[in-house]
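Structure, as structure tokens:
The values are calculated or read from the model by the stated rules, or taken from the named source; none is laboratory data. Keep in mind that what you see is a predicted model, and the values were worked out from it rather than measured. Here the Cβ positions follow ideal geometry from the backbone for every residue, glycine too, while neighbour counts run over all protein chains shown. Surface areas here come from the heavy atoms of the whole protein model, side chains and all, with no ligands, DNA or RNA. Shrake-Rupley method; radii C 1.70, N 1.55, O 1.52, S 1.80 Å.
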Amino acid sequence: MHYQDHLRVGAAQINARLGDVDANLERHLAFIADARHAGLELLVFPELSLTGYGLGNRVIDVACPAHDPRLAELARAAGDMQVVVGFVEEASPGEYYNALAILQHGKLQAVHRKLNLPTYGGLEEGKLFTHGSELTHLPVCPGWSATSLICADLWNPGLVHAALLARPTVLCAPINSASGIVSDDFSNEQNWAVNLQFYAMTYGTPVIMANRFGPEGDSHFWGGSRILGPRGDTLALAEDGETLIEAQLSRTAIARARFELPTHRDADTPLVRELMEGYR
């Protein structure tokens, strides 16, 4: 099989209208159309991009099952481009997940459920959602695959390590990060940059981070969406406002980065598993 060396990817930095799925759907369709026109093959929207973040009890009103016709409409619009969209999944009455719909080839390919639900500072996800229990790793095209982790998942190093052991060529990172939401002394803007650069460089894995930009109630989402290369280098960085950023990734560059810093090869998963047995 012939593997293509380059992949054109993008991040859609939008601001969701809280609780208005239909209005947010229209914004998604517009950005998907722009991305397809630009020839992108993988597009990432922010966490909960179809619903907004501060939902509280409105989770019930905006939740939808994986077979919802609005997700099917987005899948048709995506065509052969893989699109990662944030939504609230209703798995059963009263059981809701902060989830991603992964769309490609005109249909829903998978649903990824957030694993690490933050309930600290101004974050209350553990009160609203059920946590996921599985990793999601899907092909994009020959020679390329993607794994998605949602926001706080990336602040649990064990989850990131487990996700990247599958050796995806791209890590998708949809987030909802507002200024000061953790604490006055914790800078989301600075610390996200460190977090993402560390993982991209350590694992030789490009990262597509999509954050929101704009207000929601008393919160301000600071944007900063970015695409990083396999050495942690910034390939694209969004300015303030709603925007689509894009970059071209190189499979050869990923191979060279991983050969020179063989984190995957030397992971020694059996040893790590043995050491962790003592900390249950």
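Note on segment 256-280: among residues that are in a loop (DSSP other than H, G, I, E, B) and open to solvent by 100 Å² or more (accessible area, probe 1.4 Å), the one that is farthest from T202 (Cα to Cα) is R280. When residues in segment 78-101 are screened for being small (G, A, S), in contact with a Gly (Cβ under 9 Å, 6 or more places away or on another chain) and farther than 14 Å from N24 by Cβ, 3 of them pass. Scanning segment 197-218 turns up no residue that is of a type in the set (A, V, I, L, M), surrounded by fewer than 18 Cβ atoms within 10 Å (Cβ to Cβ) and assigned to a helix (DSSP H, G or I). The residues in segment 30-72 that are closer than 22 Å to C141 by Cα and either surrounded by fewer than 14 Cβ atoms within 10 Å (Cβ to Cβ) or among the aromatic types (F, W, Y) (or both) can be counted, and the count is 6.
Of all residues in segment 212-227, those that are aliphatic (A, V, I, L, M) have Cβ atoms under 7 Å from Cβ atoms of residues that are open to solvent by 40 Å² or more (accessible area, probe 1.4 Å), 6 or more apart or on another chain, in I227/L235. Looking for something assigned to a strand (DSSP E or B), open to solvent by 40 Å² or more (accessible area, probe 1.4 Å), in contact with a Ser or Thr (Cβ under 9 Å, 6 or more places away or on another chain) and not β-branched (V, I, T) - is there at least one such residue anywhere in segment 76-94? Yes: segment 76-94 contains one or more residues that are assigned to a strand (DSSP E or B), open to solvent by 40 Å² or more (accessible area, probe 1.4 Å), in contact with a Ser or Thr (Cβ under 9 Å, 6 or more places away or on another chain) and not β-branched (V, I, T). Considering (1) open to solvent by 30 Å² or more (accessible area, probe 1.4 Å); (2) in contact with a Gly (Cβ under 8 Å, 6 or more places away or on another chain); (3) part of a helix (DSSP H, G or I); (4) touching a residue at least 60 places away in the same chain (Cβ under 8 Å), the lone condition that Y3 does not fulfil carries the number (3).
Candidates are the residues of segment 178-199 that are at pLDDT 95 or above and among the aliphatic types (A, V, I, L, M); the one that is nearest to the chain's Cα centre (by Cα) is L196.
Select from segment 6-19 the residues that are assigned to a loop (DSSP other than H, G, I, E, B) and open to solvent by 50 Å² or more (accessible area, probe 1.4 Å) and list them in ascending order. Across segment 6-19, the qualifying residues are R17, L18.
Considering each residue of segment 154-173 in turn, none proves to be in contact with a strand residue (DSSP E or B) (Cβ under 9 Å, 6 or more places away or on another chain), closer than 29 Å to E26 by Cβ and either modelled with pLDDT under 95 or among the hydroxyl-bearing types (S, T, Y) (or both).
Applying the criterion of being in contact with a strand residue (DSSP E or B) (Cβ under 6 Å, 6 or more places away or on another chain) and of a type in the set (A, V, I, L, M, F, W, C) to the residues of segment 237-280, the residue that is nearest to A12 (Cα to Cα) is L244.
For the condition hydrophobic (A, V, I, L, M, F, W, C), under 26 Å from F186 (Cα atoms) and open to solvent by 10 Å² or more (accessible area, probe 1.4 Å), L117 qualifies.
Restricting segment 131-146 to residues that are in contact with a helix residue (DSSP H, G or I) (Cβ under 9 Å, 6 or more places away or on another chain) and touching a residue at least 60 places away in the same chain (Cβ under 8 Å), the residue that is surrounded by the fewest Cβ atoms within 10 Å (Cβ to Cβ) is G143. Suppose we filter L128, L149, L164, L171 for residues that are under 21 Å from S49 (Cβ atoms), touching a residue at least 60 places away in the same chain (Cβ under 8 Å) and touching a helix residue (DSSP H, G or I) at 6+ places or on another chain (Cβ under 8 Å); which single one remains? Matching residue, one of L128, L149, L164, L171: L128. Cβ contacts < 7 Å: first residue touching a residue at least 40 places away in the same chain (Cβ under 8 Å), restricted to segment 255-274; second residue of a type in the set (F, W, Y) and open to solvent by less than 80 Å² (accessible area, probe 1.4 Å), any location; separation 6+ or different chain. Result? Close Cβ pairs satisfying both conditions: T263/Y203; H264/Y203.
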